[in-house]
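J.: I'd like to ask some things about the structure below.
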Amino acid sequence: MMHLEEKTLTSQQVFDGVVVKLYVDKAEIEDGSEVTREVIRHPGGVCVLPLDEDGNILFVKQFRYPFAEVMTEIPAGKLEWGESHHECGLRELKEETGCTCDEYVYLGSLRPTPAYCSETIHMYLAKGLHYGEQHLDEDEFLEVYRIPFDRAVEMVLDNEIQDAKTQLAILKAKAYLSR
C-alpha cells in the first residue's frame, strides 16, 4: 500500500435513495489497521453562471429543505448517472431561466464534501443569452432575478451568498473574465 492511500476491504450499501446511495465500508489504512468509512455516492451536478449583456448574473432563489431557508444560487442541477455534465448544464440553464447561450465556457469542477461524499460539481459560464420560457420540474419552485457581477462578488466576500458552488463559480468567472 502506498503512503496516504486506503484499501477498501468491504462495502455494504445501506440506503438506496432517489438522489444518493449510502455505503458503510471497511478499509485498511496505512498502518494496517481497519477503519469504518460512511460514504454517500452521488452522481454529481452542474451549475451555470448566466451573464447577461449588461454584466448581470441571473440567479435563482429557492427553498433548501436541509437549511429550512431560501437560498441565492446560480442555476444548477443533479446529473443522472452517466450523463454528460456539458449537456446537463445547458438543460438546467434552459429549465430554470428559460435561457440558451452562444458561449458556454467550462470553469472546472469542485468536490464540496470529500470527507464523506463522492459528489463532483462542474461549473460553466454562459454568455450571449437568448431568453425563452422556463421549464421547471413539477416539484421545483424558484424565482429568477439579476444581480450586477461586481455586487455578486461583494456578496460572496461578505458571506451573503452561502452556496459553495455559487461562490466558487462567481470567483472563477471573475478571474476568467479578468484574464
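J.: Between the range 98-148 and the range 12-86, how far is it from one alpha carbon centroid to the other, in angstrom?
T.: For the range 98-148 versus the range 12-86, the Cα centre distance is 13 Å.
J.: Check each of the chymotrypsin sites (Phe, Trp or Tyr not before Pro) in the range 1-107 and keep only those in coil by DSSP with at most 14 other C-beta atoms within 10 angstrom; list them in order.
T.: Answer in residue order: 81.
J.: Do the sum for the chain: with -39,500 (n - 2.57) for every DSSP H run of n ≥ 4, divided by all residues, what is the mean residue ellipticity at 222 nm, to the nearest 500 deg cm²/dmol?
T.: When only DSSP H runs of four or more count, the value is -6500 deg cm²/dmol.
J.: If I compute semi-axes √(5λ) of the Cα gyration tensor in Å from the structure I just sent, which labelled value in (1) 32, 18, 14; (2) 34, 18, 15; (3) 29, 19, 14 lines up?
T.: Label (2) holds the value from this structure.
J.: Something else now. Which of 7, 21 comes first, and how do the rest follow, when ranked by fewest Cβ neighbours within 10 Å?
T.: Result, fewest neighbours first: 7, 21.
J.: So which residue, out of 127, 165, 26, gets the largest mean-square fluctuation from a GNM of the chain using Cα contacts under 10 Å as springs?
T.: For the chain, modelled as a Gaussian network with Cα springs under 10 Å, the answer is 26.
J.: Can I ask one more? Tell me whether the range 1-55 comes out rounded, prolate or oblate; compute the Cα gyration tensor, take square roots of the eigenvalues as a ≥ b ≥ c, and use a/c under 1.5 as the rounded threshold.
T.: Oblate shape, in that a/c is at least 1.5 and b/c is the bigger or equal ratio.
J.: With each pseudo-label sitting 7 Å past Cα toward Cβ, what's the residue 144-residue 70 distance in nm, one decimal?
T.: 1.7 nm
J.: So, one more: In the range 69-127, which GluC sites (Glu not before Pro) are in a loop and have at most 16 other Cβ atoms within 10 Å, using DSSP for the loop call?
T.: 80, 83
J.: Dipole of the range 78-179, Cα-centred, from +1 at each Lys and Arg C-beta and -1 at each Asp and Glu C-beta, to the nearest 20 debye? Could you put the intermediate results ahead of the total?
T.: Numbers: 11 positive and 20 negative charges, 143 e Å.
With Lys and Arg at +1 and Asp and Glu at -1, about 680 debye.
J.: Shifting gears a bit: In straight Cα distance, which lysines are under 24 Å from residue 165, not counting same-chain residues fewer than 8 positions off?
T.: Leaving aside lysines fewer than 8 places away in the same chain, those within reach of residue 165 are 21, 61, 78, 94, 127, 174.
J.: Picking from 42, 117, 134, whose Cα lies most toward the positive end of the charge dipole for the range 37-179 (charges on Cβ: Lys, Arg +1; Asp, Glu -1)?
T.: So the residue we want is 117.
J.: Using the 10 angstrom Cβ neighbour count as an exposure proxy, how do 86, 130 rank, fewest first?
T.: 130, 86
Values quoted throughout were computed directly from the atomic coordinates according to the rules given, and no laboratory measurement underlies them. Everything numeric here is computed off the predicted structure, so don't read it as measured data. As a convention, Cβ positions derive from the backbone with ideal geometry for all residues, glycine included, and neighbour counts pool all protein chains shown.
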